[in-house]
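A.B. asks: The following block contains the structure, expressed as structure tokens.
The values are calculated or read from the model by the stated rules, or taken from the named source; none is laboratory data. None of these values were measured; they are calculated from a predicted model. No Cβ is skipped: glycine too gets one built from the backbone with ideal geometry, and neighbour counts run over all protein chains shown.
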Amino acid sequence: MKIHSETAPIQGLKNAVVTSGTFDGVHIGHQKILERLKQAAKEIDGETVLITYWPHPRLVLTNRNNGLRLLSTFPEKANLLEQYGIDHLVKIPFTKDFAKLSSEAYIKSILHEKVGTKKLIIGYDHRFGKDRQGGLEELTKFAPKYGYDLEEIPRQDIEAIGVSSTRIRKALEEGEVTVANQYLGRPYSLTGLVMHGNKLGRTIGFRTANIGIKETYKLLPANGIYAIRVIYDFKVMHGMLNIGNRPTVGGDSKTIEAHIFDFDEDIYDQEITVEFIDHIRKEIKFDNLDQLKAQLTKDEVEVREVLKRNS
């Protein structure tokens, strides 16, 4: 997959079959559009193009932000789209000036001049242009002028799936990772660097990797203990993870700590990816470290069983 981030027209695209949107999470609803995109490109011997916007529009239009947290960083989204077989990803810088483009100006400058769209495929609720005023009516109106065919994914096809990025965010915020995973079609994940912590875990037999996430907009699931898979150095390992404030030891800030089973390597400053498989319990404050250790021992037994069932 080629990623295009410059503003100049893209040269050499063959029969560009295009869709556009934020595609946060690339969930199963998005995947339905991607499958149709690839099918349509095959029908006309064309290339698939996905136009997306970065940063996310609600992160730029601050009055609409409302503490938005995203399901995917741009690298995560790009990686997923490549896995799903998209030929070209067009990264449009989203600014307040870009948000002021009229519907026709957007169609002319992006769909026509930059991409050379031959066929455009959109979801039934697709909106674009200034104040999101553009939609199916405008795209239909300008199709003859700018030389593209238009196809809309029917409302019933999308709603039958019953999924949205908003619904997935809500599930994760409530710790319902199995629900989120069902909507995503894969485990929810996050990627970060292993950082030095206070090394308390090793004193009670549960050495942890403290994970730092540089993207502050990345959504973290609810506080608690999770069964996880860990991807590091092309290996997949099992473990359990705590998200929370560590109330038993007087923690005052949120941390992400992964205990990787049967693993004792030094991986400080290395990048790891965590996949959330299931939520085990909420974070609890214990009276002392002995009680915490006893509960973690029980948690490990349960997590290993969960991961065995999900292997």
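A.B. asks: Just to be sure, is residue 91 surrounded by fewer than 19 Cβ atoms within 10 Å (Cβ to Cβ) and in contact with a helix residue (DSSP H, G or I) (Cβ under 6 Å, 6 or more places away or on another chain)?
C.D. replies: Numbers: surrounded by fewer than 19 Cβ atoms within 10 Å (Cβ to Cβ): yes; in contact with a helix residue (DSSP H, G or I) (Cβ under 6 Å, 6 or more places away or on another chain): no.
For residue 91, the condition - surrounded by fewer than 19 Cβ atoms within 10 Å (Cβ to Cβ) and in contact with a helix residue (DSSP H, G or I) (Cβ under 6 Å, 6 or more places away or on another chain) - is not met.
A.B. asks: Since residue 15 meets every condition but one in (1) over 23 Å from residue 185 (Cβ atoms); (2) under 15 Å from the mean Cα position of the chain (by Cα); (3) modelled with pLDDT of 95 or more, which condition does it not meet?
C.D. replies: Single failed check for residue 15: (2).
A.B. asks: Please verify whether residue 16 is in the same structural domain as residue 117 (by TED's automatic domain parsing) and in contact with a Gly (Cβ under 9 Å, 6 or more places away or on another chain), treating the condition exactly as stated.
C.D. replies: yes
A.B. asks: Could I ask something else about it? Any residue in segment 66-88 that is loosely packed, with under 14 Cβ neighbours inside 10 Å, of a type in the set (Val, Ile, Thr) and either within 24 Å of residue 169 (Cα to Cα) or at pLDDT below 95 (or both)?
C.D. replies: No, the conditions are met nowhere in segment 66-88.
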